[in-house]
1. Against the conditions (1) within 16 Å of residue 18 (Cβ to Cβ); (2) in contact with a helix residue (DSSP H, G or I) (Cβ under 9 Å, 6 or more places away or on another chain); (3) in contact (Cβ under 8 Å) with a residue 60 or more places away in the chain; (4) surrounded by fewer than 14 Cβ atoms within 10 Å (Cβ to Cβ), where does residue 94 fall short? Just the number, please.
2. So which pairs qualify, if the first residue must be in region 41-59 and at positive phi, the second must be surrounded by fewer than 18 Cβ atoms within 10 Å (Cβ to Cβ) and outside any strand (DSSP E or B), the Cβ gap must be under 9 Å, and the two must be at least 6 apart or on different chains?
3. Just checking, does region 12-22 include any residue being touching a residue at least 12 places away in the same chain (Cβ under 8 Å), touching a helix residue (DSSP H, G or I) at 6+ places or on another chain (Cβ under 7 Å) and either farther than 18 Å from residue 162 by Cα or exposed (fewer than 14 other Cβ atoms within 10 Å of the Cβ) (or both)?
4. Limited to region 46-63, what total is found for residues that are more than 15 Å from residue 17 (Cα to Cα) and out of contact with any helix residue (DSSP H, G or I) (no Cβ under 9 Å at 6 or more places or on another chain)?
5. Limited to region 142-166, what total is found for residues that are crowded, with 20+ Cβ neighbours inside 10 Å and either under 18 Å from residue 123 (Cβ atoms) or touching a helix residue (DSSP H, G or I) at 6+ places or on another chain (Cβ under 7 Å) (or both)?
6. Anything in region 35-48 that is surrounded by fewer than 15 Cβ atoms within 10 Å (Cβ to Cβ) and within 17 Å of residue 146 (Cβ to Cβ)? List them, or say none.
7. If you go through region 97-127 one residue at a time, how many are over 16 Å from the mean Cα position of the chain (by Cα), touching a residue at least 60 places away in the same chain (Cβ under 8 Å) and surrounded by 14 or more Cβ atoms within 10 Å (Cβ to Cβ)?
């Protein structure tokens, strides 16, 4: 299966107060987590990731994807073009707190390739890792790496997505906290 990334300029970061239909995404790697009173499913997709977090009857779904990807508007809580750096915090009904931070970082080619190798080594030891096919311009394809840390009342997710054609790295951090 060919798995090439979209251009980094096409990316958006969104948060929904609901579940999204799984068929909306081309998933390459996934992991389910259950801890205490919450559950989550972490998925690496063709453009980034989808995190579905469930606590009682509350669901938050974080999506990093291409802007042209057909997603609903209903119950969308956040939407940002994935450019520069951004942080946000949202207190949801019932006291659930969601915090996010993302950064799009263009880097020199030497730094990019060193970072990509480091991600590959980390991904082999822990976390969720996906290596994508080369777009043809570069010898190596993009990499997505997601690391999840769980506590009894919270979940912290770090995601790294590389874009070799642009020598760019997308870094996201998300924190889901119970009331």
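1. Just one mismatch for residue 94, condition (2).
2. Filtered contacts from region 41-59: 56/37; 56/94.
3. No: region 12-22 contains no residue that is touching a residue at least 12 places away in the same chain (Cβ under 8 Å), touching a helix residue (DSSP H, G or I) at 6+ places or on another chain (Cβ under 7 Å) and either farther than 18 Å from residue 162 by Cα or exposed (fewer than 14 other Cβ atoms within 10 Å of the Cβ) (or both).
4. The number of residues fulfilling the criteria is 3.
5. 12
6. Within region 35-48, just 35 meets the criteria.
7. So the count comes out to 2.
Laboratory data are not the source of any read-out in this text; all were calculated from the coordinates shown. All figures in this text were calculated on a predicted structure; none of them were measured in a lab. Cβ coordinates were reconstructed from backbone atoms using ideal geometry, including for glycine residues, and neighbour counts include every protein chain displayed.
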